[in-house]
Amino acid sequence: MSLPVTPRVMAEAEVVEKARFLCTHRLLYTFDSSRFPSGMRPEDYIRPEDLSYLRLNGTPRATPSAEGAPLPPARCDVMSSDLAGDAAVVRLQRTKAGASRPETVLANFIGTPVGWRLGYWLPERARFDVQTEQTHARDPDDEMTLPQKVSGPEAGYTVEAAKRGVEGLLVLRCIITREGAVEQCQPLKTLPRGLTEETLRALQASRYTPALFKGEPIAVRFNFFFLFLLPGS
């Protein structure tokens with residue numbers, strides 16, 4: 001007997017398939033329409049706001065290989081996926097042709113009325129950090145080192161939440177600055193009994209290594225996922 005396919009299972013399958021496709025064609029961090037195979041539409045994969053921004057401000061082109069041919073596809077293996085509300089993140093291991101080891105990359109998706117779409121956050125990034133956007137526009141096949149936590153408290157249960165048996169997924173969207181501070185957090189999925197507030201306080205008291213682009217620190221928008229489960233769950 002087969003299990004019913006739930007809307008969540010369908011959504012996760014869509015996000016994972018699109019993340020793998022975009023990673024394989026090196027489209028996770030910058031856009032190049034020439035990398036889409038015939039019959040594949042960017043509108044079906046990329047957030048409308050980002051496509052509009054690109055059409056108004058120009059579309060960066062991919063850097064060709066030394067022989068002048070398009071860059072070869074990468075191998076991409078999905079490590080994990082998390083969905084919460086209108087946000088989803090997929091973690092992948094990407095191995096480029098000729099590379100000796102894989103690298104970890106993240107794909108951030110946003111739920112829209114017509115399906116899940118990858119978010120470059122170009123309009124927002126241009127507003128809060130013009131230099132970051134200019135840097136990304138110069139190199140369509142950019143390499144980004146992801147932030148890593150270096151200090152600060154861990155998010156944990158409040159006494160009230162533990163007494164009430166609160167469990168679930170908490171999602172916060174924040175900016176990690178060039179200095180590694182966590183700022184401008186927006187809750188995407190909250191939990192009651194003080195868990196959201198305590199987690200926000202823990203995040204904002206933490207320090208991270210900044211994201212690096214070509215070795216230079218940049219500010220990035222980042223989704224934080226916290227799964228709260230009581231012992232024995």
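Every number here is computed from the coordinates shown, using simple stated rules; none is lab data. Being a predicted model, the structure only gives us computed values, none of them experimental.
May I ask you to compute the full-extension gain from GLN184 to ARG164, defined as 0.36 nm times their residue separation minus their alpha-carbon distance, rounded to one decimal in nm?
Working it through step by step, the gained length comes to 4.3 nm.
Per residue of the range 111-117, in order, report the coupling 6.51 cos²θ - 1.76 cosθ + 1.60 (Karplus, θ = phi - 60°) as ³J(HN,Hα) in whole Hz, putting x for Gly and Pro.
x, 10, x, 10, x, 7, 9
Apply the Karplus parameterisation 6.51 cos²θ - 1.76 cosθ + 1.60, with θ equal to phi minus 60°, to every residue of the range 181-191 and state each ³J(HN,Hα) to the nearest whole Hz, in sequence, with x for glycine and proline.
Taking θ as phi minus 60°, the curve returns 7, 9, 9, 6, 6, 10, x, 9, 8, 9, 10 Hz for the range 181-191.
How large is ³J(HN,Hα) for each residue in the range 149-157, as worked out from phi by the Karplus curve 6.51 cos²θ - 1.76 cosθ + 1.60 (θ = phi - 60°), to whole Hz, x for Gly and Pro?
For the range 149-157, the Karplus-derived couplings read 5, 10, 6, x, x, 8, 5, x, 5 Hz, x marking Gly and Pro.
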